[in-house]
Amino acid sequence: MSKILNLAVLPGDGIGPEIVEQALNVTKAVCAKFGHTLTYEYAIVGACAIDAVGEPYPKATHDLCMKSDAVLFGAIGDPKYDNDPSAKVRPEQGLLKMRKDLGLYANIRPVTTFPSLIHKSPLRADLVDGADFMCIRELTGGMYFGRPQGRSEDGNTAYDTCVYTREEVERILHLAYKYAGQRNKKVTIVDKANVLATSRLWRQIGQEIAPQYPEIETEFMFVDNAAMRIIQWPKSFDVLVTENLFGDILTDEASVITGSLGMLPSASVGIHTSVFEPIHGSYPQAAGKNIANPLATILSAALMFEYAFGMMEEGALIREAVAASMDANVVTEDIASNDKAYSTSEVGEWVVNFINKK
Ligand code: IPM
Ligand code: MN
(Lines give C-alpha, C1' and ligand atoms only; values in the text may rest on other atoms or scores of the structure.)
(Ligands and ions follow the chains in the order given, each with its own letter.)
Protein backbone atom coordinates (compact mmCIF):
# COMPACT_ATOMS: atom_id res chain seq x y z
CA MET A 1 0.00 0.00 0.00
CA SER A 2 1.51 3.32 -0.95
CA LYS A 3 1.61 6.07 1.58
CA ILE A 4 2.61 9.68 2.00
CA LEU A 5 5.63 10.09 4.27
CA ASN A 6 6.49 13.50 5.68
CA LEU A 7 9.99 13.74 7.11
CA ALA A 8 11.82 16.30 9.17
CA VAL A 9 15.48 16.21 8.19
CA LEU A 10 17.90 17.48 10.84
CA PRO A 11 21.48 17.09 9.60
CA GLY A 12 23.03 18.89 12.59
CA ASP A 13 26.79 19.40 12.90
CA GLY A 14 30.08 17.91 11.75
CA ILE A 15 29.62 15.02 9.35
CA GLY A 16 25.83 15.17 9.93
CA PRO A 17 24.97 16.89 6.63
CA GLU A 18 27.06 14.48 4.50
CA ILE A 19 25.74 11.27 5.99
CA VAL A 20 22.14 12.46 6.18
CA GLU A 21 22.27 13.38 2.50
CA GLN A 22 23.11 9.77 1.66
CA ALA A 23 20.42 8.36 3.94
CA LEU A 24 17.89 10.75 2.42
CA ASN A 25 18.87 9.63 -1.09
CA VAL A 26 18.39 6.03 -0.02
CA THR A 27 15.01 6.93 1.48
CA LYS A 28 13.99 8.57 -1.80
CA ALA A 29 15.05 5.50 -3.78
CA VAL A 30 13.04 3.20 -1.52
CA CYS A 31 9.97 5.43 -1.73
CA ALA A 32 10.22 5.52 -5.53
CA LYS A 33 10.55 1.74 -5.65
CA PHE A 34 7.54 1.08 -3.41
CA GLY A 35 5.38 3.90 -4.73
CA HIS A 36 5.38 6.04 -1.58
CA THR A 37 5.23 9.79 -1.83
CA LEU A 38 8.01 11.45 0.13
CA THR A 39 8.00 15.03 1.31
CA TYR A 40 10.65 16.46 3.57
CA GLU A 41 11.79 19.69 5.14
CA TYR A 42 15.14 20.61 6.66
CA ALA A 43 15.66 22.20 10.08
CA ILE A 44 18.64 23.21 12.19
CA VAL A 45 19.78 21.68 15.47
CA GLY A 46 22.97 21.71 17.56
CA ALA A 47 25.95 24.03 17.19
CA CYS A 48 24.81 25.25 13.78
CA ALA A 49 21.52 26.33 15.35
CA ILE A 50 23.34 28.17 18.15
CA ASP A 51 25.37 29.99 15.50
CA ALA A 52 22.27 30.84 13.48
CA VAL A 53 19.67 31.71 16.11
CA GLY A 54 21.35 31.44 19.51
CA GLU A 55 19.71 28.22 20.67
CA PRO A 56 20.41 24.57 19.87
CA TYR A 57 16.81 23.33 19.43
CA PRO A 58 14.78 26.26 18.11
CA LYS A 59 11.02 26.28 18.29
CA ALA A 60 10.74 26.20 14.50
CA THR A 61 12.68 22.92 14.51
CA HIS A 62 10.46 21.48 17.22
CA ASP A 63 7.30 22.54 15.38
CA LEU A 64 8.53 20.83 12.23
CA CYS A 65 9.37 17.62 14.15
CA MET A 66 5.93 17.62 15.78
CA LYS A 67 4.07 17.80 12.48
CA SER A 68 6.30 15.26 10.71
CA ASP A 69 5.86 11.48 10.59
CA ALA A 70 9.50 10.81 11.46
CA VAL A 71 12.73 12.68 12.05
CA LEU A 72 15.96 11.76 10.28
CA PHE A 73 18.79 13.09 12.40
CA GLY A 74 22.54 13.35 11.80
CA ALA A 75 24.67 14.37 14.76
CA ILE A 76 25.35 17.33 16.98
CA GLY A 77 28.44 18.70 18.66
CA ASP A 78 31.32 21.01 17.95
CA PRO A 79 34.81 20.95 19.46
CA LYS A 80 34.58 24.64 20.26
CA TYR A 81 32.17 23.77 23.09
CA ASP A 82 33.85 20.61 24.38
CA ASN A 83 36.66 22.26 26.28
CA ASP A 84 34.69 25.20 27.50
CA PRO A 85 32.83 24.18 30.66
CA SER A 86 31.70 27.78 31.10
CA ALA A 87 29.72 27.92 27.82
CA LYS A 88 26.15 28.79 28.78
CA VAL A 89 24.53 27.34 25.69
CA ARG A 90 25.75 23.97 24.45
CA PRO A 91 24.75 21.85 21.44
CA GLU A 92 24.00 18.86 23.71
CA GLN A 93 21.27 20.87 25.44
CA GLY A 94 19.48 20.87 22.11
CA LEU A 95 19.54 17.09 21.97
CA LEU A 96 18.23 16.79 25.52
CA LYS A 97 15.50 19.34 24.85
CA MET A 98 14.49 17.53 21.70
CA ARG A 99 14.26 14.23 23.60
CA LYS A 100 12.22 15.81 26.38
CA ASP A 101 9.91 17.89 24.18
CA LEU A 102 9.21 15.01 21.79
CA GLY A 103 8.73 12.63 24.73
CA LEU A 104 11.35 10.24 23.36
CA TYR A 105 11.58 8.06 26.43
CA ALA A 106 13.20 5.04 24.80
CA ASN A 107 16.39 4.84 22.81
CA ILE A 108 16.69 1.57 20.96
CA ARG A 109 20.07 0.41 19.76
CA PRO A 110 20.24 -2.93 18.04
CA VAL A 111 23.69 -4.51 18.33
CA THR A 112 24.30 -6.85 15.43
CA THR A 113 27.44 -8.20 13.87
CA PHE A 114 28.48 -8.01 10.24
CA PRO A 115 30.45 -11.06 9.09
CA SER A 116 32.90 -8.97 7.09
CA LEU A 117 33.68 -6.81 10.14
CA ILE A 118 34.19 -9.40 12.81
CA HIS A 119 37.97 -9.22 12.43
CA LYS A 120 37.74 -5.54 13.42
CA SER A 121 36.15 -6.32 16.75
CA PRO A 122 38.33 -5.78 19.82
CA LEU A 123 36.93 -9.11 21.05
CA ARG A 124 37.79 -12.61 19.87
CA ALA A 125 35.74 -13.60 16.85
CA ASP A 126 34.16 -16.59 18.59
CA LEU A 127 32.79 -14.31 21.31
CA VAL A 128 31.08 -11.86 18.95
CA ASP A 129 30.17 -13.99 15.95
CA GLY A 130 26.39 -14.22 16.08
CA ALA A 131 25.91 -11.69 18.89
CA ASP A 132 22.54 -10.05 18.39
CA PHE A 133 20.92 -8.03 21.10
CA MET A 134 18.99 -4.86 21.62
CA CYS A 135 19.76 -2.18 24.18
CA ILE A 136 16.83 -0.13 25.36
CA ARG A 137 17.95 2.96 27.20
CA GLU A 138 15.53 5.15 29.14
CA LEU A 139 16.06 8.57 27.61
CA THR A 140 14.08 11.28 29.38
CA GLY A 141 14.61 10.62 33.08
CA GLY A 142 17.31 9.88 35.62
CA MET A 143 20.36 11.99 36.25
CA TYR A 144 20.19 13.74 32.89
CA PHE A 145 17.03 15.55 33.88
CA GLY A 146 16.78 15.28 37.67
CA ARG A 147 16.78 18.52 39.60
CA PRO A 148 18.37 20.05 41.60
CA GLN A 149 21.54 20.11 39.60
CA GLY A 150 24.25 22.65 40.17
CA ARG A 151 26.97 24.07 42.34
CA SER A 152 27.19 25.44 45.81
CA GLU A 153 27.70 29.16 46.17
CA ASP A 154 31.44 28.83 46.75
CA GLY A 155 31.67 26.67 43.62
CA ASN A 156 33.40 23.81 45.43
CA THR A 157 30.51 21.38 45.68
CA ALA A 158 28.47 20.10 42.74
CA TYR A 159 25.40 17.88 42.65
CA ASP A 160 23.13 16.00 40.24
CA THR A 161 19.91 14.28 41.17
CA CYS A 162 18.65 10.95 39.89
CA VAL A 163 14.85 10.74 39.81
CA TYR A 164 12.53 8.07 38.40
CA THR A 165 8.79 7.72 38.73
CA ARG A 166 6.80 4.49 38.58
CA GLU A 167 5.21 5.59 35.33
CA GLU A 168 8.57 6.15 33.64
CA VAL A 169 9.88 2.77 34.71
CA GLU A 170 6.72 0.87 33.84
CA ARG A 171 6.41 2.17 30.31
CA ILE A 172 9.98 1.36 29.36
CA LEU A 173 9.91 -2.10 30.92
CA HIS A 174 6.71 -2.93 29.04
CA LEU A 175 8.42 -1.80 25.85
CA ALA A 176 11.38 -4.08 26.61
CA TYR A 177 9.04 -7.05 27.07
CA LYS A 178 7.22 -6.18 23.87
CA TYR A 179 10.44 -6.32 21.86
CA ALA A 180 11.69 -9.42 23.66
CA GLY A 181 8.42 -11.10 22.66
CA GLN A 182 9.31 -10.47 19.01
CA ARG A 183 12.89 -11.65 19.53
CA ASN A 184 14.51 -14.32 21.69
CA LYS A 185 12.28 -13.87 24.73
CA LYS A 186 14.74 -12.71 27.33
CA VAL A 187 14.89 -9.38 29.18
CA THR A 188 17.88 -8.29 31.25
CA ILE A 189 17.02 -5.41 33.59
CA VAL A 190 20.21 -3.59 34.50
CA ASP A 191 20.40 -1.52 37.69
CA LYS A 192 22.45 -0.75 40.76
CA ALA A 193 19.83 -1.84 43.27
CA ASN A 194 22.45 -2.68 45.87
CA VAL A 195 23.24 1.03 46.20
CA LEU A 196 20.69 3.34 44.56
CA ALA A 197 17.10 4.07 45.59
CA THR A 198 16.02 4.67 41.99
CA SER A 199 17.46 1.29 41.04
CA ARG A 200 15.49 -0.38 43.82
CA LEU A 201 12.34 1.13 42.35
CA TRP A 202 13.34 -0.26 38.93
CA ARG A 203 13.93 -3.68 40.40
CA GLN A 204 10.70 -3.70 42.38
CA ILE A 205 8.67 -2.72 39.32
CA GLY A 206 10.58 -5.29 37.26
CA GLN A 207 9.59 -7.96 39.75
CA GLU A 208 5.95 -6.86 39.51
CA ILE A 209 5.90 -6.80 35.71
CA ALA A 210 7.87 -9.97 34.96
CA PRO A 211 5.02 -12.37 35.89
CA GLN A 212 2.79 -10.59 33.35
CA TYR A 213 5.08 -12.01 30.66
CA PRO A 214 5.43 -15.69 31.59
CA GLU A 215 6.80 -16.62 28.16
CA ILE A 216 9.73 -14.26 28.63
CA GLU A 217 12.72 -14.94 30.84
CA THR A 218 13.67 -12.07 33.15
CA GLU A 219 17.17 -11.54 34.45
CA PHE A 220 18.22 -8.79 36.89
CA MET A 221 21.80 -7.64 36.69
CA PHE A 222 23.90 -5.00 38.42
CA VAL A 223 25.36 -2.49 36.01
CA ASP A 224 28.98 -3.22 36.88
CA ASN A 225 28.40 -6.89 36.20
CA ALA A 226 26.58 -6.04 32.96
CA ALA A 227 29.56 -3.96 31.78
CA MET A 228 31.69 -7.04 32.25
CA ARG A 229 29.24 -9.50 30.73
CA ILE A 230 28.84 -7.44 27.56
CA ILE A 231 32.47 -8.09 26.69
CA GLN A 232 32.73 -11.50 28.28
CA TRP A 233 29.60 -13.11 26.88
CA PRO A 234 27.71 -10.76 24.53
CA LYS A 235 25.69 -13.63 23.12
CA SER A 236 23.96 -14.09 26.49
CA PHE A 237 21.84 -10.95 25.93
CA ASP A 238 18.62 -10.53 23.99
CA VAL A 239 16.96 -7.33 25.24
CA LEU A 240 18.89 -5.26 27.77
CA VAL A 241 16.92 -2.44 29.39
CA THR A 242 18.30 0.19 31.71
CA GLU A 243 18.14 3.76 32.98
CA ASN A 244 19.49 6.79 31.15
CA LEU A 245 23.06 7.16 32.39
CA PHE A 246 23.82 3.44 32.61
CA GLY A 247 22.38 3.09 29.12
CA ASP A 248 24.55 5.88 27.77
CA ILE A 249 27.67 4.10 28.98
CA LEU A 250 26.69 0.51 28.21
CA THR A 251 25.51 1.26 24.69
CA ASP A 252 28.84 2.80 23.74
CA GLU A 253 30.52 -0.28 25.11
CA ALA A 254 28.14 -2.57 23.27
CA SER A 255 28.52 -0.68 20.02
CA VAL A 256 32.22 -1.39 19.54
CA ILE A 257 32.13 -5.11 20.13
CA THR A 258 30.66 -5.57 16.69
CA GLY A 259 33.65 -4.01 14.97
CA SER A 260 32.64 -0.52 14.01
CA LEU A 261 30.84 2.37 15.60
CA GLY A 262 30.23 3.60 12.08
CA MET A 263 27.70 0.86 11.41
CA LEU A 264 25.15 1.15 14.18
CA PRO A 265 21.80 2.92 13.91
CA SER A 266 19.36 3.92 16.62
CA ALA A 267 15.73 4.79 17.07
CA SER A 268 14.33 7.06 19.76
CA VAL A 269 10.66 6.49 20.30
CA GLY A 270 8.04 7.69 22.73
CA ILE A 271 5.08 10.01 22.86
CA HIS A 272 5.45 12.16 19.74
CA THR A 273 7.45 11.82 16.51
CA SER A 274 10.25 9.23 16.57
CA VAL A 275 13.84 10.18 15.75
CA PHE A 276 16.28 8.01 13.80
CA GLU A 277 20.00 8.64 13.99
CA PRO A 278 23.38 6.93 13.83
CA ILE A 279 24.91 6.32 17.23
CA HIS A 280 28.29 7.79 16.33
CA GLY A 281 28.76 11.48 16.92
CA SER A 282 29.53 14.46 14.72
CA TYR A 283 33.15 13.36 14.02
CA PRO A 284 34.31 16.96 13.44
CA GLN A 285 37.76 15.91 12.16
CA ALA A 286 36.12 14.36 9.11
CA ALA A 287 33.53 17.05 8.45
CA GLY A 288 33.36 18.21 4.87
CA LYS A 289 35.90 15.64 3.67
CA ASN A 290 33.44 13.14 2.19
CA ILE A 291 35.08 10.26 4.07
CA ALA A 292 32.62 9.48 6.88
CA ASN A 293 30.80 6.17 6.87
CA PRO A 294 27.15 6.78 5.88
CA LEU A 295 25.99 3.23 6.62
CA ALA A 296 24.83 3.79 10.23
CA THR A 297 22.60 6.63 9.03
CA ILE A 298 21.38 4.57 6.08
CA LEU A 299 20.57 1.76 8.52
CA SER A 300 18.78 4.34 10.68
CA ALA A 301 16.58 5.00 7.65
CA ALA A 302 15.87 1.25 7.60
CA LEU A 303 14.79 1.46 11.25
CA MET A 304 12.63 4.44 10.31
CA PHE A 305 10.73 2.47 7.70
CA GLU A 306 10.26 -0.40 10.14
CA TYR A 307 9.51 1.43 13.40
CA ALA A 308 7.85 4.64 12.26
CA PHE A 309 5.96 3.30 9.24
CA GLY A 310 5.67 -0.44 9.88
CA MET A 311 7.18 -1.01 6.43
CA MET A 312 9.22 -4.14 6.93
CA GLU A 313 9.98 -4.90 3.26
CA GLU A 314 11.33 -1.41 2.72
CA GLY A 315 13.57 -1.74 5.76
CA ALA A 316 14.73 -5.18 4.65
CA LEU A 317 15.68 -3.88 1.20
CA ILE A 318 17.90 -1.21 2.76
CA ARG A 319 19.59 -3.82 4.96
CA GLU A 320 20.13 -6.04 1.95
CA ALA A 321 21.68 -3.15 0.02
CA VAL A 322 23.99 -2.29 2.93
CA ALA A 323 25.09 -5.91 3.29
CA ALA A 324 25.72 -6.06 -0.46
CA SER A 325 27.87 -2.93 -0.40
CA MET A 326 29.96 -4.51 2.34
CA ASP A 327 30.27 -7.78 0.43
CA ALA A 328 31.37 -5.79 -2.61
CA ASN A 329 33.90 -3.91 -0.46
CA VAL A 330 32.33 -0.61 -1.40
CA VAL A 331 32.91 0.92 2.01
CA THR A 332 34.56 3.95 3.61
CA GLU A 333 38.06 3.97 5.06
CA ASP A 334 37.01 3.11 8.62
CA ILE A 335 35.96 -0.39 7.57
CA ALA A 336 37.82 -0.92 4.29
CA SER A 337 39.91 -4.07 4.47
CA ASN A 338 42.03 -3.47 1.38
CA ASP A 339 43.67 -0.30 0.07
CA LYS A 340 40.63 0.93 -1.75
CA ALA A 341 38.34 3.06 0.35
CA TYR A 342 35.30 4.74 -1.12
CA SER A 343 33.96 8.18 -0.27
CA THR A 344 30.77 8.88 1.67
CA SER A 345 28.90 9.80 -1.49
CA GLU A 346 30.25 6.84 -3.50
CA VAL A 347 29.00 4.42 -0.86
CA GLY A 348 25.63 6.18 -0.76
CA GLU A 349 25.34 6.14 -4.55
CA TRP A 350 26.22 2.44 -4.67
CA VAL A 351 23.47 1.64 -2.17
CA VAL A 352 20.97 3.76 -4.13
CA ASN A 353 21.92 2.00 -7.39
CA PHE A 354 21.50 -1.39 -5.77
CA ILE A 355 17.99 -0.42 -4.66
CA ASN A 356 17.10 1.03 -8.07
CA LYS A 357 18.20 -2.13 -9.84
CA LYS A 358 16.31 -4.49 -7.53
C1 IPM B 1 24.26 9.90 23.22
C2 IPM B 1 25.20 11.04 23.50
C3 IPM B 1 24.44 12.10 24.28
C4 IPM B 1 24.00 11.48 25.59
C5 IPM B 1 25.23 13.40 24.53
C6 IPM B 1 25.73 14.00 23.24
C7 IPM B 1 24.42 14.39 25.31
O8 IPM B 1 26.33 10.61 24.16
O9 IPM B 1 23.27 10.09 22.50
O10 IPM B 1 24.49 8.80 23.72
O11 IPM B 1 24.78 11.45 26.56
O12 IPM B 1 22.86 11.04 25.66
MN1 MN C 1 26.37 8.51 24.60
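The values are calculated or read from the model by the stated rules, or taken from the named source; none is laboratory data. All values derive from a computational prediction rather than experimental measurement. Glycine also receives a Cβ, built like all others from the backbone with ideal geometry; neighbour counts cover every protein chain displayed. Keep in mind that these areas ignore ligands, DNA and RNA; they rest on the heavy atoms of the full protein, side chains included. Shrake-Rupley method; radii C 1.70, N 1.55, O 1.52, S 1.80 Å.
Report the residue count in region 45-63 for those that are open to solvent by 10 Å² or more (accessible area, probe 1.4 Å) and out of contact with any helix residue (DSSP H, G or I) (no Cβ under 6 Å at 6 or more places or on another chain).
10
Looking for whichever is open to solvent by 30 Å² or more (accessible area, probe 1.4 Å), at pLDDT 95 or above and acidic (Asp, Glu) here; the options are Asp224, Asp252, Asp191, Asp238. Which one fits?
Asp224
Can you find, within region 64-91, the residue that is farthest from Tyr283 (Cα to Cα) among those that are of a type outside the set (Gly, Ala, Ser) and out of contact with any helix residue (DSSP H, G or I) (no Cβ under 8 Å at 6 or more places or on another chain)? Explain how you work it out, then say what you get.
Taking region 64-91 and keeping what is of a type outside the set (Gly, Ala, Ser), we get 64-67, 69, 71-73, 76, 78-85, 88-91.
This time we only want the ones that are out of contact with any helix residue (DSSP H, G or I) (no Cβ under 8 Å at 6 or more places or on another chain), so: 64, 66-67, 82-85, 88.
Values: Leu64: 26, Met66: 28, Lys67: 29, Asp82: 13, Asn83: 16, Asp84: 18, Pro85: 20, Lys88: 22 Å.
Filtering region 64-91 for residues that are of a type outside the set (Gly, Ala, Ser) and out of contact with any helix residue (DSSP H, G or I) (no Cβ under 8 Å at 6 or more places or on another chain), the one farthest from Tyr283 (Cα to Cα) comes out as Lys67.
Output the residues belonging to region 90-115 that are in contact with a Gly (Cβ under 9 Å, 6 or more places away or on another chain) and assigned to a helix (DSSP H, G or I).
Pro91, Glu92, Gly94, Leu95, Arg99
Scan region 21-34 for residues that are over 29 Å from Pro91 (Cα atoms) and open to solvent by less than 40 Å² (accessible area, probe 1.4 Å) and jot them down.
Residues satisfying the conditions are Ala29, Val30, Cys31.
Give all pairs with beta carbons closer than 9 Å in which a residue from region 43-55 that is of a type in the set (Lys, Arg) meets a residue that is assigned to a helix (DSSP H, G or I); count only pairs at least 6 apart in sequence or on separate chains.
From residues that are of a type in the set (Lys, Arg), there are no pairs.
Is there any pair with a first residue in region 105-131 that is more than 23 Å from Asn244 (Cα to Cα) and open to solvent by 40 Å² or more (accessible area, probe 1.4 Å) and a second that is charged (D, E, K, R) and modelled with pLDDT of 90 or more whose Cβ atoms are under 7 Å apart and which are 6 or more apart or on different chains, and what are they?
Ser116/Asp327; Gly130/Lys235
Looking at Val331, Val352, which is the one that is closer than 20 Å to Tyr40 by Cα, more than 20 Å from the chain's Cα centre (by Cα) and either open to solvent by 20 Å² or more (accessible area, probe 1.4 Å) or not charged (D, E, K, R) (or both)?
Val352
List the helices (runs of 4 or more DSSP H) inside region 196-272, counting only whole elements, that have at least 2 residues being of a type in the set (S, T, N, Q), in contact with a helix residue (DSSP H, G or I) (Cβ under 9 Å, 6 or more places away or on another chain) and away from ligand 2 (no atom under 16 Å from the Cβ).
It comes to 197-209.
Yes/no matrix, rows are residues, columns are (1) over 17 Å from Met143 (Cβ atoms); (2) within 15 Å of ligand 2 (Cβ to nearest atom); (3) more than 16 Å from the chain's Cα centre (by Cα):
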residue	(1), (2), (3)
Gly77	yes, yes, no
Lys80	yes, no, yes
Lys88	yes, no, yes
Glu92	no, yes, no
Leu96	no, yes, no
Lys100	no, no, no
Tyr105	no, no, no
Arg109	yes, yes, no
Thr112	yes, no, no
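Being open to solvent by 40 Å² or more (accessible area, probe 1.4 Å) and within 23 Å of Met98 (Cβ to Cβ) is the filter here, so list the residues in region 255-280 that pass it.
Here is the first cut: in region 255-280, the ones open to solvent by 40 Å² or more (accessible area, probe 1.4 Å) are 256, 261, 271-272.
Across region 255-280, the qualifying residues are Leu261, Ile271, His272.
Before we move on, is Pro85 surrounded by fewer than 16 Cβ atoms within 10 Å (Cβ to Cβ) and either among the β-branched types (Val, Ile, Thr) or in contact (Cβ under 8 Å) with a residue 40 or more places away in the chain (or both)?
no
Determine whether region 304-320 contains at least one residue that is open to solvent by 50 Å² or more (accessible area, probe 1.4 Å), in contact (Cβ under 8 Å) with a residue 40 or more places away in the chain and on the phi > 0 side of the Ramachandran plot.
No; the residues of region 304-320 include none that is open to solvent by 50 Å² or more (accessible area, probe 1.4 Å), in contact (Cβ under 8 Å) with a residue 40 or more places away in the chain and on the phi > 0 side of the Ramachandran plot.
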